[in-house]
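Written out below as structure tokens is the structure these notes cover.
What follows is calculated from the coordinates using simple rules that are stated; it is not laboratory data. Keep in mind that this is a model prediction, so the values were computed, not measured. We place every Cβ from the backbone using ideal geometry, glycine too, and count neighbours over all the protein chains shown.
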Ligand code: GRF
């Protein structure tokens, strides 16, 4: 059997995507193993979950480094190298990485973002999607390039936005898809199925063939409000 790629998952908080990656990697057939969970915050709940699963963890607090991002990243990289890490998966890691770090880990560094990029990079994606009135929203896994939430896209999952959605209900619908998409995308990268050409990544994996359309264009029994005039057909009847 081919050697599994050694992955570090970088977190800052809850760690539910990290947990989804651990779950996937529990299958010996999965092409990656989680060799390290690293947090920049001691209060990240995900650290405890990783410890409970017997996964090596590291805490590199970012706060003491202040604005010296390069020094912080050197400390992070000491952990990555110490654990023989091949790939780095950002999972709710709330630090913007320097260009130098992104270049050193180019095409070995991936991120999950809760929007259909390039729409809504940055924070508060669900509130911004609701405010913009989009009817499809979702999440993206991408290779990381310098710049916020930028880089070749490995995969996206779309969900409908429903009329009575709140930020919380929409976030929950997206998060469920994040937990499916991230393990799949990391698996493609770890298995060597990703080819990058400029800004575009191609994946040697089956593509979806159907479309997700919202609102549904299927005829509904009563699509018009009560009392509304019926539209004339082309035949004028
Ligand atoms: C997720 O929505 C992820 O897309 C974003 O930060 C959130 C982290 O959640 N980058 P969790 O810590 O994985 O639960």
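Comparing 103, 135, 209, which has the greatest mean-square fluctuation in the GNM of the chain with Cα pairs linked when under 10 Å apart?
Fluctuation is largest for 209.
Starting from the eigenvalues of the Cα gyration tensor, five times each then square-rooted, give me the equivalent ellipsoid semi-axes of region 1-44, largest first, whole Å. Each step should come with its number before you reach the end.
On the way: eigenvalues 101, 23, 5 Å².
In descending order the semi-axes read 23, 11, 5 Å.
Stokes-Einstein at 10 °C, 1.306 mPa s, Kirkwood radius from Cα pairs: D for the chain in µm² s⁻¹? Walk me through the numbers before you get to the answer.
Values: Rh = 19.5 Å.
Reported coefficient: 81 µm²/s.
Pick from 86, 149, 27 the residue whose mean-square fluctuation is largest in a GNM of the chain, springs joining Cα atoms under 10 Å.
Comparing 86, 149, 27 in the GNM, the peak value goes to 27.
Modelling each spin label as a point 7 Å along the Cα-to-Cβ direction, I'd like the residue 59/residue 202 distance in nm, to one decimal.
Simple spin-label model gives 4.7 nm for this pair.
Whole number please: convex hull volume per residue of the Cα set in region 96-138, in Å³?
On the way: hull volume 3.2 nm³, N = 43.
Residue-normalised Cα hull volume stands at 75 Å³.
Among 5, 128, 63, which comes first, then next, by fewest other beta-carbon atoms within 10 Å? Write out the running numbers ahead of the final one.
Values: 5 20, 128 17, 63 9.
Fewest-to-most ranking of 5, 128, 63: 63, 128, 5.
Can you tell me which of 159, 213, 76 moves the most in a GNM of the chain? Springs connect C-alpha atoms under 10 Å apart.
213
How high is the relative contact order of region 103-146, in percent, with contacts defined as C-alpha pairs under 8 Å that are six or more residues apart? Working shown, then result.
Details: 47 pairs, mean separation 25.8, N = 44.
Reported relative contact order: 59 percent.
As a check on your grasp of the helix formula, calculate [θ] at 222 nm for the chain: sum -39500 (n - 2.57) over DSSP H runs of n ≥ 4, divide by the residue count, round to the nearest 500.
On the way: 6 runs with 70 residues, N = 237.
Result for the chain, helices only: -9000 deg cm²/dmol.
Only Cα pairs under 8 Å and at least 6 apart count here; give the relative contact order of the chain as a rounded whole percent. Mind dumping the intermediate values first?
On the way: 389 pairs, mean separation 40.4, N = 237.
Normalised by residue count, the contact order of the chain is 17 percent.
Most exposed first by the Cβ proxy, i.e. fewest other Cβ within 10 Å, how do 115, 12, 169, 39 rank? Could the numbers behind the result be given before it?
Values: 115 22, 12 18, 169 14, 39 26.
Lowest count first: 169, 12, 115, 39.
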